[in-house]
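The values are calculated or read from the model by the stated rules, or taken from the named source; none is laboratory data. Since we're looking at a predicted model, the values are computed, not measured. Cβ placement follows ideal geometry from the backbone for every residue including glycine, while neighbour counts extend to all protein chains displayed. Keep in mind that these areas ignore ligands, DNA and RNA; they rest on the heavy atoms of the full protein, side chains included. Shrake-Rupley method; radii C 1.70, N 1.55, O 1.52, S 1.80 Å.
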Amino acid sequence: MKITGAIFDMDGTLVDSLMIWDVLWENLGVHFLGKSGFRPSREDDRAVRTMTLIDAMALIHKNYGIDESGEALWRYVTDFMANFYKTDVKLKSGVSEFLEGLRKNGVKMCIASATAPDLVKLAMVHCGIDGYFPELISCADVGRGKEHPDVFLKALEYLGTDLDTTWVFEDSAVALETASRAGFRTVGIYDRYNFGQDRAKSASDIYINDGETLKKAAEVLL
């Protein structure tokens, strides 16, 4: 299967970071509500993971009344996450080798993420992969989350590659379904903290199961 372009999600795809949501909910409860054990509904917990952070915090504020506004909540969460991405986040196994293989084969790459661009850049620098990605396309830039194809289409426009040889790498079932409907080939990546792994697998041309790495994709694509 030929590949000329690669569009990567960040969280749960390139970096092992989705546990941050569990830690975040606990910290929000203690900081704003004075008690541990806070967690939004399963529906809201799932929804915020493909939204921009400011929209996600507006939803949490609206549904749970935490702090005086969604923007104030967003400021606290941004600081919390910035520290994590700057000092603690780690690459998933096999990512460095796969990215180097793509570069050696002349594949154009970019990131398309719902995570705030400043946070993505912190993660890339900390993990040493910033050199692979000259461009970052954010859901905030296009104004819609990954339930819509805009961010992937913008990334495709930047890469200048053909749709049928451009692959989207994602852990989110919603994002994989969106990319697949838009005509992209897809690589789904298992993450133990994510929702809908059966749906993600169904929407993937190649699926990286629990215990596997992107070496599986390399054997097919490179």
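Out of contact with any Ser or Thr (no Cβ under 6 Å at 6 or more places or on another chain), under 22 Å from ARG103 (Cα atoms), open to solvent by less than 20 Å² (accessible area, probe 1.4 Å) and among the small types (Gly, Ala, Ser): does that describe ALA155? Judged against the criteria, ALA155 is a match. Looking only at residues in region 125-140 that are at pLDDT 95 or above and assigned to a helix (DSSP H, G or I), the one that is nearest to ARG103 (Cα to Cα) is TYR132.
The C-beta contact set for region 198-220 (first residue closer than 13 Å to LEU99 by Cα, second residue open to solvent by 20 Å² or more (accessible area, probe 1.4 Å) and of a type in the set (S, T, N, Q), distance under 6 angstrom, 6+ apart or interchain) comprises THR213/SER93. Scanning region 131-152 for residues that are loosely packed, with under 15 Cβ neighbours inside 10 Å and of a type in the set (A, V, I, L, M, F, W, C) gives no hits. Exactly one residue among PHE169, PHE195 is within 21 Å of VAL48 (Cα to Cα), open to solvent by 10 Å² or more (accessible area, probe 1.4 Å), of a type outside the set (Asp, Glu) and not in a helix (DSSP H, G or I), and that residue is PHE195. If you go through region 97-113 and keep only what is more than 28 Å from ARG144 (Cβ to Cβ) and of a type in the set (Gly, Ala, Ser), you end up with GLY101, GLY106. Scanning region 180-205 for residues that are under 19 Å from ASP11 (Cα atoms), out of contact with any helix residue (DSSP H, G or I) (no Cβ under 7 Å at 6 or more places or on another chain) and among the basic types (Lys, Arg) returns ARG192, LYS201.
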